[in-house]
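Right, one structure below, let's go through it.
The values are calculated or read from the model by the stated rules, or taken from the named source; none is laboratory data. Owing to the predicted nature of the structure, the values given are computational and were not obtained by experimental measurement. No Cβ is skipped: glycine too gets one built from the backbone with ideal geometry, and neighbour counts run over all protein chains shown. Ligands, DNA and RNA are stripped out before the accessible areas are found, and what is left, the full protein with its side chains, is counted by its heavy atoms. Shrake-Rupley method; radii C 1.70, N 1.55, O 1.52, S 1.80 Å.
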Amino acid sequence: MDGSATFHYRHQPSRTITAEQVITLQHSHIVSSSVIRADSDKTVDAEVWPEGSLEVLSQHEADQLRNVGQGGLYTLLRRCLLAVLNSGGNSDDAREVLGRHKDFAVRFEQQDRGLKVILTGAPASAFVDGEMIRGIREQLFAVLRDVVYTSNEIQASGRFDLQSSDNITNAVFHILRNARVFHLPATADLVVCWGGHAISREEYDYTKKVGYELGLRRLNVCTGCGPGAMKGPMKGATIGHAKQRIGNGRYIGITEPGIIAAESPNPIVNSLIIMPDMEKRLEAFVRVGHGIIVFPGGVGTAEEILYLLGILMHPDNEDMPMPLILTGPADRADYFKQIDEFIGATLGPTAQGRYRIIVDDPEEVARQMLLGLKSVREYRRQQGDAFYFNWRLAIDHDFQKPFRATHDSMRGLQITRDLPTHKLAANLRRAFSGLVSGNVREDTMAAIEQQGPFEISGSAEIMSLLDGLLAGFVADGRMKLESDSYKPCYVVRV
């Protein structure tokens, strides 16, 4: 292969992969695919070879990639790879995406040159003139890298007690380091942007304008990697970086297997990381980011806001600078007013004091973020803390424990006034996380169809505010892309 696509297929038999044989998994130059077949349903069969820096793939790891049974990674791997290949898809229904590509399959063959990944029934949108798009190829092997590493080095190795807060943070650090997210020498220039995937064109254009102003100020962008408010800031930043002749701009996307099928990585992401669950994904955001901008969104965005505010209200984080700006176009002022009122009524004025709301002013957003990052740099120098990973940020174990949304777990959430503020924030975060699952995870959606909507209950005032907030998300079409056919996955009870 010389980097150009060919249009023939030569069968080569599979061979056993030994522990000494290798696969390129991180920061590799990936040779173009050889397209074997293209069909009328806009899918192709393709072969992809990795080249570059090498990692050892043991026999056990190779078997895990192929195995569909207990302990096998194939089902998880297939789901994540399909999401990457489906970049740009216009559906956020995981079951629809997986059902539309039910014939998609992955297998591996060992060749003299190394491991070959064979894709069957891959979305044709991942290819241009028979060649897989370079960014998608990179993301494809980022999935392999993270799925294998997390399974073997984090979950199965015994090195990390994932019931311990410190060990969870160490696990997050190791996954990010293995993905080579940390660039040295580091500085405080990474802005995390949160917001909804189901947003209006006006809101999307606004996120691009903010991203553009960030790029002009030589700031890098990290998002949840999907469409909408996750893509817009990256797209804008690429133009700002180009004007400043910055050729190494960073567009980091952090996701997790539960939502990746519904929110496929956008093609601008040049550093994709798959965290094992939502809680570690959220911790990765706040550990690597230096400041955060929040655009309008739905339940996922509300989850992120409550997660961050709950952490910032920890006494050990009282003096820690973490610039947080909520922003959107002029006609979304009421959205932020409702969010602000909800936070004030649940978490109180201290939480409200940790963020600023700036409406319809992308330049001011970028200027204020730049000033905030200056404070972050000064604080970390004084404390001797790393710029690339916020070790000093105290995160209570309640915010780290994975929450699996079921009818029982959602019904059992305590959301009452008599809870300590950080406990209330943690449980509200779990409630919103459960609604995210109910909207996008195929297993949770199936459970809701069988057993009815989730029930959320608590004190009357909080439930009234929560019901109003969620009703606003539904009315604005923030729950799903196909908002006209959206059926709420929840019932709020007092």
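Below, the figures for the structure above:
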| item | result |
| --- | --- |
| Solvent-accessible area, 1.4 Å probe, carbon plus sulfur percent, for the stretch 174-257 | 50 |
| The stretch 420-445 versus the stretch 144-199: alpha-carbon centroid distance in Å | 21 |
| Per-residue ³J(HN,Hα) for the stretch 461-469, Karplus 6.51 cos²θ - 1.76 cosθ + 1.60, θ = phi - 60°, Hz, x for Gly and Pro | 5, 5, 5, 5, 5, 5, 4, x, 5 |
| As computed over the stretch 206-292, the Cα convex hull volume per residue (Å³) | 80 |
| Tail weight of P(r) past 21 Å, computed on alpha-carbon pairs of the stretch 401-494, percent | 30 |
| Rg(Cα) / (2.2 N^0.38 Å) computed for the stretch 239-360, rounded to two decimals | 1.17 |
| Accessible area per residue, Å², the stretch 291-376 with all protein chains present, probe 1.4 Å | 35 |
| Theoretical gain in end-to-end length, Ala186 to Thr120 [0.36 nm per residue, Cα-Cα removed] | 19.7 nm |
| Cβ-based net charge around Thr406, under 12 Å, with every Lys or Arg adding one and every Asp or Glu removing one | +1 |
| Ranked by how many other beta carbons lie within 10 Å on average, peptides 168-181, 344-357 from highest | 168-181, 344-357 |
| Kirkwood-based Rg to Rh ratio, the stretch 138-233, C-alpha trace | 1.07 |
| The stretch 329-465 - percent of accessible surface contributed by carbon and sulfur, probe 1.4 Å | 45 |
| For the stretch 108-213, accessible area per residue (1.4 Å probe, heavy atoms of protein chains only), Å² | 36 |
| Taking N as its residue count, the alpha carbon Rg of the stretch 121-169 over 2.2 N^0.38 Å | 1.73 |
| Ordering of 445-451, 363-369, 226-232 by burial proxy (mean other Cβ atoms within 10 Å per residue, highest first) | 226-232, 363-369, 445-451 |
| Peptides 402-409, 425-432 ordered by average Cβ neighbours within 10 Å, highest first | 425-432, 402-409 |
